[in-house]
């Protein structure tokens, strides 16, 4: 009977050690998006909690958020993937988070995305195929094919997006002023076509301020 305290003490120590080890190996998960404060780590625009949002979890646990898949690729092209633990996209229909390497993608220049990269993601390949069939044209991409995709913004769509933004915003973060001047350095765009802050924002002349084309080689599997 006197040995019981020792036994239970050893058992408790074992359970605690196992729990700590388990926490260290916890699978990375995306975090909730706060539309009021979260900004894209590439273009500095506010990230909306929708089907276009993308996240990257670094090895130190930091979650980085992007408003468009193309913005994530821009970041990895510039910074590499050494510190990247996992990347997540969202299902186009449900906005459910999906590991980037497990999703299927559709590219078409008529698909409107926040920064005009025209690529959307689906959890199920069959849903992507159904979208293509209904849409009538476009390109189905696997994750491996996404890595080779040429990430170039749609200039005509960029113009239309900026016109929408201009009409919908009279001020605030990321807004454009009516006289073509920079508003506040938060990723907005001026109507005179000049770069606003070096974060890859768009100008109204249809040119990207952070470079118009990227390779997909910087992307990394979240496994």
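The values are calculated or read from the model by the stated rules, or taken from the named source; none is laboratory data. Treat the numbers as computed from the prediction; the structure is a model and nothing was measured. Backbone-built Cβ (ideal geometry, glycine too); neighbour counts: all protein chains shown.
Just to be sure before I move on: is residue 71 within 22 Å of residue 95 (Cα to Cα) and either modelled with pLDDT under 95 or in contact with a helix residue (DSSP H, G or I) (Cβ under 8 Å, 6 or more places away or on another chain) (or both) in the structure I sent?
Working: within 22 Å of residue 95 (Cα to Cα): yes; either modelled with pLDDT under 95 or in contact with a helix residue (DSSP H, G or I) (Cβ under 8 Å, 6 or more places away or on another chain) (or both): no.
It is false that residue 71 is within 22 Å of residue 95 (Cα to Cα) and either modelled with pLDDT under 95 or in contact with a helix residue (DSSP H, G or I) (Cβ under 8 Å, 6 or more places away or on another chain) (or both).
Considering the stretch 37-58 alone, what residues qualify as being under 12 Å from residue 85 (Cβ atoms) and surrounded by fewer than 19 Cβ atoms within 10 Å (Cβ to Cβ)?
58
Tell me the residue from 127, 34 that is out of contact with any strand residue (DSSP E or B) (no Cβ under 6 Å at 6 or more places or on another chain), over 24 Å from residue 161 (Cβ atoms) and surrounded by fewer than 18 Cβ atoms within 10 Å (Cβ to Cβ), please.
127
Table: residues versus (1) buried (at least 17 other Cβ atoms within 10 Å of the Cβ); (2) within 30 Å of residue 26 (Cβ to Cβ); (3) in contact with a strand residue (DSSP E or B) (Cβ under 7 Å, 6 or more places away or on another chain); (4) touching a residue at least 40 places away in the same chain (Cβ under 8 Å).
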site	(1), (2), (3), (4)
88	yes, yes, yes, yes
95	no, yes, no, yes
121	yes, yes, yes, yes
138	yes, no, yes, no
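Would you say residue 81 is touching a residue at least 40 places away in the same chain (Cβ under 8 Å) and surrounded by 13 or more Cβ atoms within 10 Å (Cβ to Cβ)?
yes
Residues to consider are 81, 94; find the one that is part of a loop (DSSP other than H, G, I, E, B) and modelled with pLDDT under 95.
The match here is 81.
Considering only the stretch 37-53, I want to know if a residue exists there that is more than 14 Å from the chain's Cα centre (by Cα) and in a loop (DSSP other than H, G, I, E, B).
Yes - at least one qualifying residue is present in the stretch 37-53.
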